[in-house]
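We did not get these values from a lab; they are worked out from the coordinates using the rules stated. For clarity, every value in this text was computed on a predicted model and none was experimentally measured. Heads up, the Cβs are rebuilt from the backbone with ideal geometry, glycines too, and the neighbour counts pull from every protein chain shown.
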Amino acid sequence: MKWTVFDFLKDQFTKREPVEKADLTGQVVLVTGANTGLGYEAAKHLALMNPARLVLGCRSKERGEDALRRLTEETGYTSVVLYLLDLASFASVSAFADKFELVNDRLDIAVHNAALWNAEYIRSQDGWESSLQVNNLSTPLLALRLLPLMKRTSKDYATTPRLVVVSSGVHYNAQVPALMEVLSAPRLLEKLSEESSFPISVLNLLFVRALASRVSSVTPVAVSPGLCVSDLRRNVVAGSWLRTSLDCLTSHRLGFTTEEGSRMLVFGALGMRGDEAGIQGQFVFSSKVAEPSDFVISPDGKRFEEKYWKELLEILVQVDAKIQACVQELDSLGL
């Protein structure tokens, strides 16, 4: 599928569907990046569905506690807790997963929303380009660390947990020559870490597709919220004044509110119930399954996906000793 400017404008001027609703009584829900923007609004929607526990994963203790207070005041829901999570640190992700497994005996919905977009190159404390680490190394690390708990939830409660990863329609615009150059590199992820302009949403989608082909009792879904007026764009101010002005003008004239965008995250978590096979490993856009880019579904795209998956596991096994056991929970290693 190709994505034109007309397609983009049409989607941005299409009214969003009402938020999906369900009774989440007894269930445990996790939303990362939940102190602001899309994550906070998605958490509010989910709180109103009465889960047994709603966990907010936030980097800042101060901002996280403020979000917890606001959510409680605005919804009346009190079974919400804050766990600190810094996706720019592998150690923080591992500690978060350890705590989550210790405290919770189930995980029904995991919305991996936390993301980073830098206008300039910034290296993380672990030595990776920071947006690559946050979006495409640490998010999979957390998803895989919590996968055994989600699989136990499926078995113990006869349900199919949802694992939602926020992606973007921007992946349609990824240039094939650039993708092929990365694919031909000896180490794909190391090549990507040398620059900060690669469309990370491609990797988000490829991770979901790779995981979905290897697990059946949990439903991974990639979701695009569309262009939204969101805090994700706050780091654009580090760019030129022209870039900043154009971005602000575009997002405020065409962008959805964060509440409207958050409905897509909730759809990924709750939509198409009863049709898990129809949404498993799919890219969700405008409250429906959409065909990914031509590259993603091509033979070269599959090669890219497999190379990313293989290198990803090699890296994660090195940074977290428990990942090897988590990988063994997969139905098919596909290595």
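Convex hull over the Cα atoms of segment 5-327, averaged projected area in nm²?
Averaging across all directions leaves 15.5 nm² for the Cα convex hull.
Considering only DSSP states other than H, G, I, E and B, which GluC sites (Glu not before Pro) in segment 140-204 qualify as loop sites with at most 15 other Cβ atoms within 10 Å?
Those that pass, being in a loop and sparsely packed, are Glu194, Glu195.
As an exercise, use a Förster radius of 25 Å and the Cβ-Cβ distance of Lys288 and Asn173 to find the FRET efficiency, rounded to the nearest 0.05.
For Lys288 and Asn173, the calculated efficiency is 0.80.
List the residues of segment 50-83 whose backbone N lies under 17 Å from a point placed 7 Å from the Cα of Lys21 along the Cα-to-Cβ direction.
Under 17 Å, as judged by backbone N against the label point of Lys21, lie 50-51, 75-77 of segment 50-83.
Give Lys155/Lys302; Lys21/Lys310; Lys99/Lys155; Lys151/Lys310; Lys61/Lys307 a once-over and call out the pairs whose C-alpha atoms are over 26 Å from each other.
Long pairs (Cα-Cα over 26 Å): Lys155/Lys302; Lys21/Lys310; Lys61/Lys307.
Let's test the formula: R0 of 22 Å, r as the Cβ-Cβ distance of Glu65 and Tyr121. What FRET efficiency results, to the nearest 0.05? Could you put the intermediate results ahead of the total?
Working: r = 32 Å, r/R0 = 1.44.
For R0 = 22 Å, the calculated efficiency reads 0.10.
What FRET efficiency would be calculated for the residue pair Asp105, Glu194, taking the C-beta separation as r and a Förster radius of 51 Å, to the nearest 0.05?
Details: r = 42 Å, r/R0 = 0.83.
According to the calculation, E is roughly 0.75.
Which shape class applies to segment 61-128: rounded if a/c is under 1.5, otherwise prolate when a/b exceeds b/c and oblate if not, where a ≥ b ≥ c are the square roots of the Cα gyration tensor eigenvalues? Please list the in-between numbers first.
On the way: a/c = 2.41, a/b = 1.46, b/c = 1.65.
The shape class here is oblate.
Can you sort Thr75, Thr25 so the residue with the fewest Cβ neighbours within 10 Å comes first?
Details: Thr75 16, Thr25 9.
Ascending Cβ contact count within 10 Å gives the list Thr25, Thr75.
Please report the net charge: other residues with Cβ closer than 12 Å to the Cβ of Thr219, K and R +1, D and E -1.
That works out to 0.
Quick one: work out the % antiparallel among DSSP beta bridges in segment 5-327, nearest 5.
That works out to approximately 15 percent antiparallel.
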